[in-house]
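The values are calculated or read from the model by the stated rules, or taken from the named source; none is laboratory data. Please read these numbers as outputs of a predicted model, since none were measured by experiment. Quick reminder, even Gly has a Cβ in these numbers, built from the backbone with ideal geometry, and neighbours come from all protein chains shown. In case anyone asks, the SASA skips ligands and DNA or RNA and just uses the protein heavy atoms, side chains included. Shrake-Rupley method; radii C 1.70, N 1.55, O 1.52, S 1.80 Å.
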Amino acid sequence: MPLIRDIKEQRGVSLPNEMMLLCVGNFFGSPSDPEWTEYRTGAKKAPIQTFVLGANNQETVRYFPDSSGCELAENITYLGRRGVFSSTSGLQIAYLSGTESQDEPAPAYSFSSKDVTELKTSLLSTPNFKGVDILLTSPWPRDVGNFANSPGKINTKKHGSTLISDLAASLKPRYHFAALEKAYYERLPYRNHTVLQETPQHVSRFIALADVGNTSKKKYLYAFSIVPMSLMDPAELVKQPQDVTENPYRQSRKEAQKTTKALVCAEEEPACQFFFDLNKHQGKKRPSDGKERGNSQPKQAKTPSQPTGPCWFCLASPEVEKHLVVSIGTHCYLALAKGGLLPDHVLILPIGHCQSVVDLSPEVMEEVTKYKSALKEFFRSKGKRYVLFERNYKSQHLQLQVIPVPLDCTSEDIKESFITQAREQQIDLLEIPEHSDITQVARPGTPYFYVELDTGEKLFHSIRRSFPLQFGRAVLASPALLALPERADWRRCAAGRAEEAAQARAFRRDFQPFDLALPE
């Protein structure tokens, strides 16, 4: 029987001295519990007003005689199957009893999509509806862990109710309490609006409670003070805490992009042609004789670009910090990143000067691909996967940033994090179709930002104006992935030369079995 206590008091606000106990999860432990008889007969009395949700199983349905709600004992009230309760202070509490059911009508201990729709409609039809103060459910919402701190052993992509996720997304509760997973979890607060696109709204907080008296001593009681939304100053209400995250229930990235199946050209030129899946012959074919249409001259060989000044990454340059180098191949080398996001944050760089991936010659590109494969095997051996990104903007030497993340960060998690944060900054970051290549969507000299996962999945943005220089690091450092926001800017992560050299030696030693530059 997880419990919540709610005490209404706030600085500078005069409210009735209202106190209540709200219960989510299984209110009745054992059907044969003699303690309940004492409350029901009046031998015992709850010391404060207590409101409970309904049955979650067939065994306890008999304790809730009226599905619309009723008094079960003195000071103990069953709220009902679904609805909204307004306290004397003006607090709005939405509630939904039972577990999710696909059947219609749902069993007495369950709710269906019809119940959720009717509850949503009753509130959303209210003029100027902004949300509810509290939402009470017994099951967790599905996907509540997206973009957030870990809920421990609970896999929120497999556990919980999708109908409750939909309900929470619509009702925008300031606090959402649930139970049934028998675990305590206080999620980071999440937004209820899209940054720069919608008017700021209040944040929501999800809190799951464990069973009362559990042997693991997990938290089952949550006490807090709250002023009803209707009495709050609007500016105070919409303040965003520093640890706020994206909304975990928003429409999935794939569904949102069903209509976005093509990428725009990197240059706004009517003659530009790009191909995504060459096996499917999308668009017009390029001439196979090495000549451009309308031009009888053969295509000129690509000449290597030259640095406009001292280059920190040309291996022959005196500016190179050689103590960070960990592997040298024929055309490329690996070096630890200066001020790395992690100690094993590594760069793939061409030995000679080259501006971007699209400028690479075939032989250099082949070795880059081999280094990617070697790093994939290396990080997988350590229970990690990598994320690679390139920013071809305000840089003169190609740097492929390779950063490991835990294996439990799925491809979808990583792509959603990049796309969500790009959307917040009005950056069009699109997924490149399967079987495509970066050289097919960007021309040499064109500024772009590019992400590649070790699965081969890719995201691309054509930079037309400005671009945040730390964007790639900031996404990976965010709470949704590595949770290292303090390391988003490399300049704040400076280490001494001796420490950098020690990290390079450690990486070189561990990477040795995978190093393609070493003889087998």
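Return yes when ALA422 is of a type in the set (Gly, Ala, Ser), at pLDDT 95 or above and assigned by the TED database to the domain that holds LEU459 and no when it is not.
no
Name the pairs: first residue in segment 405-419 and farther than 21 Å from TYR190 by Cα, second residue assigned to a loop (DSSP other than H, G, I, E, B), Cβ to Cβ under 8 Å, at least 6 apart or on different chains?
Pairs that qualify, where the first residue is farther than 21 Å from TYR190 by Cα and the partner is assigned to a loop (DSSP other than H, G, I, E, B), are VAL405/LEU481; VAL405/LEU482; PRO406/GLY383; LEU407/GLY383; SER411/THR455; SER411/GLU457.
Filter segment 380-420 for residues that are of a type in the set (Asp, Glu) and within 19 Å of LYS458 (Cβ to Cβ); which is farthest from the chain's Cα centre (by Cα)?
GLU390
Inspect all residues belonging to segment 72-88 and state whether any of them is more than 27 Å from LYS219 (Cα to Cα), open to solvent by 20 Å² or more (accessible area, probe 1.4 Å), modelled with pLDDT under 90 and not in a strand (DSSP E or B).
yes
Checking THR420 against (1) part of a helix (DSSP H, G or I); (2) farther than 23 Å from ASN146 by Cα: exactly one of these is not met. Which one?
Of (1) part of a helix (DSSP H, G or I); (2) farther than 23 Å from ASN146 by Cα, only one is false for THR420: (2).
Please specify each residue of segment 164-182 satisfying the condition of being touching a residue at least 60 places away in the same chain (Cβ under 8 Å), open to solvent by 30 Å² or more (accessible area, probe 1.4 Å) and either on the phi < 0 side of the Ramachandran plot or touching an Asp or Glu at 6+ places or on another chain (Cβ under 7 Å) (or both).
ASP166, ALA169
Taking segment 89-117 on its own, how many of its residues are over 30 Å from the mean Cα position of the chain (by Cα), open to solvent by 20 Å² or more (accessible area, probe 1.4 Å) and in contact (Cβ under 8 Å) with a residue 60 or more places away in the chain?
The qualifying residues number 1.
Between GLN503, GLN512, which is open to solvent by 30 Å² or more (accessible area, probe 1.4 Å), in contact with a strand residue (DSSP E or B) (Cβ under 8 Å, 6 or more places away or on another chain) and under 19 Å from PRO343 (Cβ atoms)?
Just one listed residue meets the conditions, GLN503.
For segment 1-26, give me each residue that is open to solvent by 30 Å² or more (accessible area, probe 1.4 Å), part of a loop (DSSP other than H, G, I, E, B) and at pLDDT 50 or above.
ASN17, ASN26
Residue-wise test of (1) outside any loop (DSSP other than H, G, I, E, B); (2) at pLDDT below 95; (3) small (Gly, Ala, Ser).
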{"position": "LEU136", "(1), (2), (3)": "yes, no, no"}
{"position": "ASN146", "(1), (2), (3)": "no, yes, no"}
{"position": "GLY152", "(1), (2), (3)": "no, yes, yes"}
{"position": "LYS157", "(1), (2), (3)": "no, yes, no"}
{"position": "LEU163", "(1), (2), (3)": "yes, no, no"}
{"position": "ALA168", "(1), (2), (3)": "yes, no, yes"}
{"position": "PRO173", "(1), (2), (3)": "no, no, no"}
{"position": "HIS176", "(1), (2), (3)": "yes, no, no"}
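Would you mention how many residues in segment 429-456 are open to solvent by 50 Å² or more (accessible area, probe 1.4 Å) and either modelled with pLDDT of 90 or more or in contact with a Gly (Cβ under 6 Å, 6 or more places away or on another chain) (or both)?
Of the residues in segment 429-456, 1 are open to solvent by 50 Å² or more (accessible area, probe 1.4 Å) and either modelled with pLDDT of 90 or more or in contact with a Gly (Cβ under 6 Å, 6 or more places away or on another chain) (or both).
Restricting attention to segment 450-468, which residues are assigned to a loop (DSSP other than H, G, I, E, B) and touching a residue at least 24 places away in the same chain (Cβ under 8 Å)?
ASP454, THR455, GLU457, ILE463, PHE467, PRO468 - these are the residues of segment 450-468 that are assigned to a loop (DSSP other than H, G, I, E, B) and touching a residue at least 24 places away in the same chain (Cβ under 8 Å).
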